1. If I ask for residues that are within 25 Å of Leu19 (Cβ to Cβ), among the hydrophobic types (A, V, I, L, M, F, W, C) and either open to solvent by 30 Å² or more (accessible area, probe 1.4 Å) or more than 16 Å from the chain's Cα centre (by Cα) (or both), which ones from the range 84-120 would you list?
2. For the subset of the range 27-41 comprising residues that are crowded, with 19+ Cβ neighbours inside 10 Å and not in a loop (DSSP other than H, G, I, E, B), which member is nearest to the chain's Cα centre (by Cα)?
3. In the range 60-85, what residues are outside any helix (DSSP H, G or I) and modelled with pLDDT under 95?
4. Which condition number in (1) of a type outside the set (Ser, Thr, Tyr); (2) within 30 Å of Pro96 (Cα to Cα); (3) within 14 Å of the chain's Cα centre (by Cα) is the one that Gly44 fails?
5. State all residues of the range 8-23 that are in a helix (DSSP H, G or I) and open to solvent by less than 40 Å² (accessible area, probe 1.4 Å); if no residue qualifies, say none.
6. List the pairs whose first member sits in the range 75-103 and is closer than 29 Å to Val121 by Cα and of a type outside the set (S, T, N, Q), whose second member is surrounded by 12 or more Cβ atoms within 10 Å (Cβ to Cβ) and at pLDDT below 95, and whose Cβ atoms are under 7 Å apart, counting only residues at least 6 apart or on separate chains?
7. In the range 126-151, what count of residues is obtained for those that are touching a residue at least 60 places away in the same chain (Cβ under 8 Å) and under 13 Å from Pro66 (Cα atoms)?
8. Taking the condition over 22 Å from Gly124 (Cβ atoms) and under 20 Å from the mean Cα position of the chain (by Cα), does Thr70 pass?
Amino acid sequence: MRYRSKTMATWLGVAAGALGAQRFYLHGARDVLAWLHLPPTALGLWGAWRMHTLGQDDRLSWLLVPLLGTMLSVGMLATIVSALTPDARWDARYNPGQQPRQTRWGPVLGAVLALLIGGIVLMGTIAFAGQRFFEWQMEAALAAPHRPLRTG
């Protein structure tokens, strides 16, 4: 049984958490949850490409880009949780029967970076989705036929 490093899992999560890299490292290629990271991330990347290519008026990209932000935030949250797991609990879960190892500062620095990235991406995703929603509402209101107010 191979040793699963908490530091390696943390930095894989920072680098490619939205793609499920951390889960593939920890659980292998048969992990269904790791594979479930790929479709929404790919759709979100496609939405970002559409927005870059077709401009900000593309409504499909309005729906797809927040998927990318959500998946990036989920990846960073999973990274933070695993990085801050105590070493004894980590070894009991992922390295049973093996010699415990001290992780030092690698996972902590990864958790700090994941918090920074995750916070920025989550705030940006919420702002983008909110702005697009209100723009959509405004367009619908302007497109509706104007009815005069009834008096009396």
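The values are calculated or read from the model by the stated rules, or taken from the named source; none is laboratory data. This one's a predicted model, so the numbers in the text were calculated from it and none came from an experiment. For neighbour counting, all protein chains shown are included, and Cβ atoms are generated from backbone atoms with ideal geometry for every residue, glycine included. Quick note on the areas: whole protein, heavy atoms, side chains included, nothing else; ligands and nucleic acids left out. Shrake-Rupley method; radii C 1.70, N 1.55, O 1.52, S 1.80 Å.
1. As a first pass, look at the range 84-120 and keep what is within 25 Å of Leu19 (Cβ to Cβ): 84-85, 90, 93-95, 103, 106-120.
Retained after the next criterion (residues that are among the hydrophobic types (A, V, I, L, M, F, W, C)): 84, 90, 108-109, 111-117, 120.
Hits for the range 84-120 are Leu84, Trp90, Val108, Leu109, Val112, Leu113, Leu115, Leu116, Ile117, Ile120.
2. So in the range 27-41, the residues crowded, with 19+ Cβ neighbours inside 10 Å come out as 34, 37, 41.
With not in a loop (DSSP other than H, G, I, E, B) added as a condition, the list becomes 34, 41.
Working: Ala34: 13, Thr41: 8 Å.
Only one residue tops the list, namely Thr41.
3. In the first step, residues of the range 60-85 are kept if they are outside any helix (DSSP H, G or I); the result is 84-85.
Hits for the range 60-85: nothing passes.
4. (2)
5. Ala9, Thr10, Gly13, Val14, Ala16, Gly17, Ala18, Ala21, Gln22
6. Filtered contacts from the range 75-103: Asp87/Thr103.
7. The initial filter retains those residues of the range 126-151 that are touching a residue at least 60 places away in the same chain (Cβ under 8 Å), namely 128-129, 132, 136.
Restricting the remaining residues to those that are under 13 Å from Pro66 (Cα atoms) gives 128-129, 132.
Residues in the range 126-151 being touching a residue at least 60 places away in the same chain (Cβ under 8 Å) and under 13 Å from Pro66 (Cα atoms): 3 in total.
8. Values: over 22 Å from Gly124 (Cβ atoms): no; under 20 Å from the mean Cα position of the chain (by Cα): yes.
Judged against the criteria, Thr70 is not a match.
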